[in-house]
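The values are calculated or read from the model by the stated rules, or taken from the named source; none is laboratory data. The model shown is predicted, which means the values in this text are computed figures rather than measured ones. Counting neighbours? That spans all protein chains shown, and the Cβs are built from the backbone with ideal geometry, glycine included.
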Amino acid sequence: MRSVWTLLFLNILGRCWDIWGFPQRCKPGSYFQGQCRTPEEKPKCTDIMLTYCKDMPYSTTMYPNLLEQKSRNEAEQSVEYLLLNVVNSLLNGECSPYILMLGCSIIAPRCENHKILKPCRSTCESVHKACDRMFERIGMAWPYFLDCDRFFVSEEEGCYDPLEGLREEEPEMDNLSIEESSSTIQFMYHSNTQMFNILNKTAQECSHISRTYSIGQSFERKDLLVIEFSSNPGEHELLKPEVKYIGNMHGNEVMGRELLIYLAQYLCTEYLLGNTRIQTLINTTRIHILPSMNPDGFELALSEMNRGSDSNHDEDIIYTGYTAGHYNAQNIDLNRNFPDLTSFVYDQRRLKYFRNDHIHIPDSYWLGKVAPETYAVMKWIRSIPFVLSASFHGGELVVSYPYDLSKHPQNMFSPTPDEQVFRQLARTYAYAHSTMSSQDTDRCGGKYADKEGIVNGAQWYNKIGGMGDFNYLHTNCFEITVELGCDKFPAEDDLSTGWLENKEALLTFLESVHRGIKGIVKDEDGHGIKGATVSIRGNRHFITTAENGDYWRLLTPGTHIVIASAPGYSKVMKRVHLPAHMQKAGRVDFVLKKVPLEPEINELNILHLGSYERFDPYNLLAQYYTRETRQNVEERQEKPWWWPYFTQLGNQNPSWLLRN
Ligand SMILES: [Zn+2]
């Protein structure tokens with residue numbers, strides 16, 4: 001960055017030299033004001049004399065130039081010329097010298113026989129194509145004066161190629177600045193910074209189907225960065241289901257984190273290469289990937305691992321490498337830190353009208369220690385109508401599913417009303433994994449071989465405050481927990497094997513969101529009803545509709561009675577039959593008639609729903625986050641770091657450099 005300032009200083013110095021030291025034909029002042037020519041004087045070709053345009057394949061130009069700048073001096077004072085001066089440094093040497101020469105062809109256009117020649121549109125277009133991404137990366141708009149349609153002309157109109165000289169040396173214009181693709185998967189561990197870079201680069205590379213966003217920060221203020229894939233990134237689309245993958249909740253369980261980074265790169269590359277399976281997936285599904293929920297823990301685990309491999313104490317290595325970084329930086333186990341709604345369900349389940357969905361967070365929860373990572377994920381889960389999710393861990397090879405909290409004091413099978421749906425989801429992953437469901441009992445996860453690699457969470461490992469139970473009991477989302485292998489921090493050499501073992505499972509599981517039924521619950525005028533419920537007879541777990549009345553209900557094959565209702569509307573019931581092998585969710589819409597609002601019999605659930613919106617009532621964390629958000633917004637509203645270069649030399653406001 002310093003070199004940019006040096007350049008700028010030299011540039012200013014150069015201007016002083018021009019103004020005071022250059023032998024001028026005109027009286028001082030008149031040249032500067034563009035009054036050097038008498039009105040009757042015909043414009044002529046003149047030597048270029050602009051330092052940054054000295055390497056053009058021609059030597060004469062003419063004023064006014066294509067930007068209507070009347071003199072060399074006016075051109076030199078312009079922001080457009082200043083941009084050419086610093087563009088090489090700004091873009092880190094990328095796209096050099098192409099941008100410079102393209103710019104010079106406008107600021108100092110070729111002059112022959114007292115006429116300006118215009119540069120070729122085709123040259124402009126190929127440079128634009130190759131270099132636009134670099135501009136995007138530094139948050140700068142493509143400069144208006146390099147608008148290919150506006151300032152450049154076709155060959156039929158007699159254009160010339162401003163990169164002519166370069167072409168002789170470097171005929172492969174097509175390879176221009178196509179830097180090494182960020183989509184090349186490298187089977188290595190990525191530091192937090194490397195991970196952020198890869199995710200951002202991938203999203204830029206696939207900007208039409210991807211973006212990154214942060215859901216909040218860890219205790220040590222690292223972003224919890226999500227990469228999203230969708231044909232319309234950033235927006236929920238009617239009837240398009242949303243899925244999420246979360247990795248590295250336990251900082252020392254690292255395989256999932258790496259797999260999710262590779263998955264993001266894979267989705268981007270394959271989409272661009274025209275892989276129809278991936279294109280269909282992304283066009284029909286909104287996918288959110290959070291590779292690391294615990295970047296602080298990961299950092300600690302990584303440093304312990306590196307320290308361990310430098311020492312000779314094998315036992316120490318195993319001990320510290322296995323446990324350090326498991327928790328977040330406050331020493332909180334994030335998978336025990338979610339509100340315990342399951343105990344509430346166990347207490348209330350015998351009540352007649354009890355529903356086990358959208359259970360509110362008890363106020364007492366907020367009096368405990370809530371990790372910022374947990375907080376961020378809870379807000380995220382509540383803000384997007386997720387249908388399906390998987391959280392990736394390590395230490396076993398098995399898929400577990402809710403409930404995670406046992407109904408009994410010890411580990412014991414504790415099914416949800418959706419036991420069959422969860423089994424189906426868990427099997428989807430385990431079967432598509434290369435070894436997880438194998439019958440071999442000697443392998444990692446061998447004790448679940450007879451269960452085909454899936455297990456009820458409470459039966460496996462009883463835990464309170466887990467994320468899976470929270471997803472199920474507080475939102476519409478069904479989440480499974482995937483244990484990726486016995487080694488929590490495997491050797492780097494094992495990462496490519498891990499990818500091969502899991503790749504198909506990762507894709508198949510995403511695709512499995514297109515099962516069961518989906519549709520819209522509308523009123524008689526055709527307007528979607530938000531917050532209507534869709535239930536299955538015999539199942540107390542209701543699903544609620546999203547903003548525009550759309551819903552998704554994962555179901556197993558067979559016949560189901562589906563009931564839609566909303567306060568102030570009549571109930572509507574439909575019988576649906578789902579075949580054994582469904583490729584996509586069946587569409588079942590409902591039209592509800594308005595009826596006089598009757599007093600609800602289900603008082604318990606009114607209580608529930610009434611307080612569902614109550615999130616963070618003591619406002620402690622909200623204040624913390626509001627402050628954070630405000631800072632982020634302010635930062636975003638601030639101009640990019642390069643902005644002062646272009647504004648400090650007077651009252652210019654080159655807002656055309658800003659992307660909107
Ligand atoms: Zn874990």
*Hey, Y429 of a type in the set (S, T, Y) and either in a helix (DSSP H, G or I) or under 22 Å from P557 (Cβ atoms) (or both) or not*: yes
Residue hits (region 515-541; part of a loop (DSSP other than H, G, I, E, B) and either surrounded by fewer than 21 Cβ atoms within 10 Å (Cβ to Cβ) or touching a Phe, Trp or Tyr at 6+ places or on another chain (Cβ under 6 Å) (or both)) are E524, D525, G526, H527, K530, G531, R537, G538, N539, R540, H541
When restricted to V370, V398, the only residue within 32 Å of the chain's Cα centre (by Cα), at pLDDT 90 or above and within 16 Å of the ligand (Cβ to nearest atom) is V398
Subset of region 329-367, residues assigned to a helix (DSSP H, G or I) and within 16 Å of the ligand (Cβ to nearest atom), comes to L334, N335, R336
Of (1) out of contact with any Gly (no Cβ under 6 Å at 6 or more places or on another chain); (2) within 16 Å of the ligand (Cβ to nearest atom), F489 fails just (1)
Scanning region 542-566 residue by residue, those part of a strand (DSSP E or B) and of a type outside the set (A, V, I, L, M, F, W, C) turn out to be T544, D550, Y551, R553, G558, T559, H560, S565
Checked pairs for region 389-406, first of a type in the set (D, E, K, R), second within 11 Å of the ligand (Cβ to nearest atom), C-beta under 7 Å and 6 or more apart or across chains, list as E396/E483; D404/K463; D404/G466
Residue under question is M62, and the condition is that it be surrounded by 16 or more Cβ atoms within 10 Å (Cβ to Cβ), over 47 Å from the mean Cα position of the chain (by Cα) and either at positive phi or at pLDDT 50 or above (or both); does it hold? yes
Within region 374-395, residues being away from the ligand (no atom under 16 Å from the Cβ) and within 19 Å of I543 (Cα to Cα) number 11
Of the residues in region 398-422, those that are crowded, with 21+ Cβ neighbours inside 10 Å and part of a helix (DSSP H, G or I) come to V421, F422
Exactly one of G457, G446 is surrounded by fewer than 24 Cβ atoms within 10 Å (Cβ to Cβ) and in the same structural domain as I289 (by TED's automatic domain parsing), and that one is G446
Residues of region 82-122 being farther than 29 Å from E156 by Cα and either touching a Cys at 6+ places or on another chain (Cβ under 9 Å) or aliphatic (A, V, I, L, M) (or both), in sequence order, are L82, L83, V86, V87, N88, L90, L91, E94
Of the candidates N476, N462, the one satisfying the condition of being away from the ligand (no atom under 16 Å from the Cβ) and in a loop (DSSP other than H, G, I, E, B) is N476
